[in-house]
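The values are calculated or read from the model by the stated rules, or taken from the named source; none is laboratory data. These numbers come from a predicted model, not from an experiment. Here Cβ is always computed from backbone atoms with ideal geometry, including for glycine, and neighbour counts include all displayed protein chains. The protein model used for the area step is the full one, side chains on, heavy atoms only, and it has no ligands, DNA or RNA in it. Shrake-Rupley method; radii C 1.70, N 1.55, O 1.52, S 1.80 Å.
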Amino acid sequence: MKIARATAHYVLLCLCSVVILFPVAYALLMSLMDGAAILSGRLWPEKGTLVNYEAAFQQAPLGRYLWNSFFVAFMITVGRLIVSSLAAFAFVFLRFPGRDRWFYVCIATMLVPWEATVIPNFLTIQALGWTNHYAGLIVPFWAMAFGIFLLRQQFKQIPHELYEAAQLSGMGNFRFFCRVVLPLSKTSLVTLAVYSFLDAWNMYLWPLLVTNDDRVRTVQIGLKQLQTQEIASSWGVVMAAAVIAMLPTLLLLFAGQKQLRKGLMQGAIQ
């Protein structure tokens, strides 16, 4: 009975994996086909070709888009780590009036849909003159309630007596934060970094709103530009660009999935 149940579970997992991976695999196969093969409805290329990848870089400044996406995602990740870790440290180790209440207010912002803040954020960025600028793509995403919550749960595992001993020895708050707290929280920091990078890399609506200059637009906007050319034979080019855009996120996810899962589990059970 147990063997049959385990077999059924594995079969179900395999079927789910096929359903999830099929779009990615088919995009890769389409990127290796010419236009005629795609229009004929083939699922497998007779002869693979890299022409579509060359055309993707020729029809759009894909290299520039990739660099913009990497730079924006990297800076958002660094900013979130700094802001979230400092805020979490304050909520755990510093004592000030209404500390817990302010934390609950911070967590409550997770209930507000991001779409509800688009217009106020856009008006603020426009007033600051940050449209078509990297700052407009980066700064609004530095503060993140989930990141503060995740790191606060991790920091609460550090004994408060250790903080008191550091204070008695003359170690300041910032030094204690850098020398003790951060080294003991590497797993949660890596988890937040991976999550933030993936989230920032896949942004579409916000870069579309605040940029109209190819010099600062991200790769997701470039994919949409290729798709809207309305050329039937260009679907192979679109799929090639999509595969290129997916590659960094897949590599990062495969490399950091163990840390990501471990960090999320630590934050969930505290």
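Mean Kyte-Doolittle hydropathy of -0.5 or higher plus an axial Cα length of 18 Å or more: which whole DSSP H helices in the chain meet both?
Details: long enough: 2-31 (43 Å, 1.64); 62-93 (46 Å, 1.51); 186-201 (22 Å, 0.85); 235-269 (45 Å, 1.14).
Sorted by number, the helices that extend far enough and score high enough are 2-31, 62-93, 186-201, 235-269.
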| said: Let me confirm the definition first: pairs of Lys residues in segment 54-269, 8 or more apart or on different chains, C-alpha distance under 21 Å. How many are there? | reply: 4
| Most mobile of 73, 200, 27 per a Gaussian network model of the chain (Cα springs, under 10 Å)? | 27
| query | Quick one: length gained pulling residue 228 to residue 255 fully straight, 0.36 nm per residue minus the C-alpha distance? | reply | 6.4 nm
| Share of alpha-carbon pairs per 10 Å distance bin for the chain, given as whole % | 6, 22, 26, 23, 15, 7, 2, 0
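Please pull out the direction-averaged projected area of segment 23-150, using the convex hull of its alpha-carbon atoms, in nm² to one decimal place. Don't skip to the end; give the middle numbers.
Details: hull surface 48.0 nm².
Projected area, direction-averaged: 12.0 nm².
Determine the gain in length on full extension of the stretch residue 169-residue 116; use 0.36 nm per residue of separation and subtract their C-alpha separation, reporting nm with one decimal. Before the final figure, lay out each step's value.
Values: separation 53, 0.36 × 53 = 19.08 nm, distance 4.76 nm.
Extending this stretch completely gives an extra 14.3 nm.
With a 10 Å radius around each residue's Cβ, average the other Cβ atoms per peptide and rank 249-255, 14-20, 132-138, highest first.
On the way: 249-255: 12.7, 14-20: 9.7, 132-138: 18.9.
Sorting 249-255, 14-20, 132-138 by mean packing, highest first, produces 132-138, 249-255, 14-20.
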| segment 54-269 - accessible surface per residue (Å², probe 1.4 Å) | 54 Å²
| Centre separation in Å (Cα based) which lies between segment 108-142 and segment 39-70 | 32 Å
| query | Just the accessible area for residue 156, please: 1.4 Å probe, Å², rounded to the nearest 10? | reply | 110 Å²
| message | Using the basic label-point model (7 angstrom from Cα toward the beta carbon), what is the residue 214 to residue 51 distance in nanometres? | response | 2.3 nm
| message | Rounded to the nearest percent, how much of the accessible area of segment 45-146 (1.4 Å probe, protein heavy atoms only) is carbon and sulfur? | response | 69 percent
| What residue among 217, 42, 152 has the largest mean-square fluctuation in a Gaussian network model of the chain, using Cα springs under 10 Å? | 42
| task | In nm, give the distance between the simple-model label positions of residue 3 and residue 34, each being 7 Å from the Cα along the Cα-to-Cβ direction. | result | 5.3 nm
| field | Estimated FRET transfer efficiency (residue 128, residue 247; beta-carbon r; R0 35 Å; 0.05) | value | 0.55
